[in-house]
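Let me begin by presenting the structure, written as structure tokens, before commenting on it.
Read-outs throughout are calculated quantities, based only on the coordinates presented, and are distinct from any laboratory measurement. This is a predicted model, so every value here is computed, not measured. Cβ placement follows ideal geometry from the backbone for every residue including glycine, while neighbour counts extend to all protein chains displayed.
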Amino acid sequence: MLFVRSTAESLYWGLMRPYLRWLDNWIVVCEVHDLKFAMQHEEFSRCDMNKPAANKTARALAHYDVVLTVSHGLASDIRTLTNGIVKPHVVPNATGLPRLSKPPVLRFPRERIVLGYIGTLDPQHGIEDLIAAIKLLPKNFLLRIVGRVRPDYGDWFNALMTDRSLSEKIELKPFVPYSEIMSEIDEYDFALAPAGKTVDSIKYRSPLKILDYMARGKPIIAAGVPCHLELLQHGVNAFIYPKHDPHTLAAHILTLAKNPLLAESLAKAAWKQSADHTYDVRAQHILKLAEEARGR
């Protein structure tokens, strides 16, 4: 089996496969994470089919035995791009963190409640929602942000932090390697997952941070964008707020802080679901799809 994830390589192997006869006995799998090679704009539409880049991408994908995506939104756009010829299988991302050994039990401290975010700091990730929300919350709430500001967005981020009162309500921590993320998440009382405005942020991602939060048994409050809603249900395993609505985000945080049993029930449901999003489970799913393709 040949497994391809790189965008450039997926084009190469897809377009070259008809000419590489030695691949006739191989199962060739492509995992697609975006359609940047096919899109000229942020939003995807049928009119993109008339563009050379879109046609090239469609032809390449049609030559794979199995096409995978991590979200239903991306799978739908690939079906549109290829006029239904390619029917992708959706296999969400997996967490690399060990799951809690038993269901989470929550105890919120009275003196300070820590809200946590781990990830890239740029407009594509909706971090401004979190900064606006922390301004609305009482002084005993702390927003702890772990990540790096993209160099080309330094001025943008500095502008968000000009309010002097934020120095006591926001703690910035530098980027840490994935091996250290678990200890950071474990210090959070609530885990936050905002979203930006790009098609990737809204439709195409299967956010690793959400899966990590689930595995570590944290109550999650996330933006209500389609790719998040493929993993989360409001009131079941998370609280969902409308994207770019910091008032509702702040209100959800206060509600859960005042109702620890409710927050615990959300965290337990997310933790239970995380058993379906491990590397082992994901690998077995992909291998099963490859075996089915070999049978055909």
(Q) Using 5 Å bins from zero, what percent of all Cα-Cα pairs in the stretch 233-296 falls into each bin? (A) 4, 15, 16, 14, 12, 10, 9, 9, 6, 4, 2, 0
Q: Quickly work out the residue 124-to-residue 79 label distance, labels modelled 7 Å from Cα along the C-beta direction, and quote it in nm with one decimal.
A: 2.7
**Q.** Rough spin-label spacing in nm, given labels placed 7 Å along Cα→Cβ, for residue 167 and residue 101
**A.** 4.4
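For the chain, what is the mean residue ellipticity at 222 nm derived from helices alone (per DSSP H run of n ≥ 4: -39500 (n - 2.57); sum divided by total residues; nearest 500 deg cm²/dmol)? Working shown, then result.
Details: 11 runs with 106 residues, N = 296.
Helices in the chain give a 222 nm mean residue ellipticity of -10500 deg cm²/dmol.
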Q) Which whole-percent values make up P(r) of the chain when all C-alpha to C-alpha distances are grouped in 5 Å steps starting at zero? A) 1, 5, 11, 14, 16, 15, 12, 10, 7, 5, 3, 1, 0, 0
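Based on the mean of other beta carbon atoms within 10 Å per residue, what is the order of 199-207, 261-269, most packed first? Could you put the intermediate results ahead of the total?
On the way: 199-207: 22.1, 261-269: 19.1.
Final packing ranking: 199-207, 261-269.
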Q: Please give the helix 52-61 orientation as an angle from the longest Cα principal axis of the chain, in degrees from 0 to 90, rounded to the nearest 10.
A: 80
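Enumerate lysine pairs in the stretch 113-276 that are 8 or more residues apart or on different chains, then count those whose Cα atoms are under 12 Å apart. Mind showing how you got there, number by number?
On the way: 135/169; 139/169; 197/243; 209/218; 218/268; 218/272.
So the count of such lysine pairs works out to 6.
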Q: Run through all the Cα pairs of the stretch 113-276 and give the fraction in each 5 Å bin from 0, expressed as whole percent.
A: 2, 9, 20, 23, 23, 16, 6, 2, 0
Q: Would you please put 128-136, 106-114 in order of how densely packed they are, using the mean number of other Cβ atoms within 10 angstrom per residue and starting with the highest?
A: 128-136, 106-114
Q. To the nearest 0.05, how large is the calculated FRET efficiency for residue 108 and residue 184 if R₀ is 22 Å and r is the Cβ-Cβ distance?
A. 0.75
Q) On full extension of the chain, what length is gained from residue 2 through residue 21, given 0.36 nm per residue of separation minus the C-alpha to C-alpha distance? A) 5.4 nm
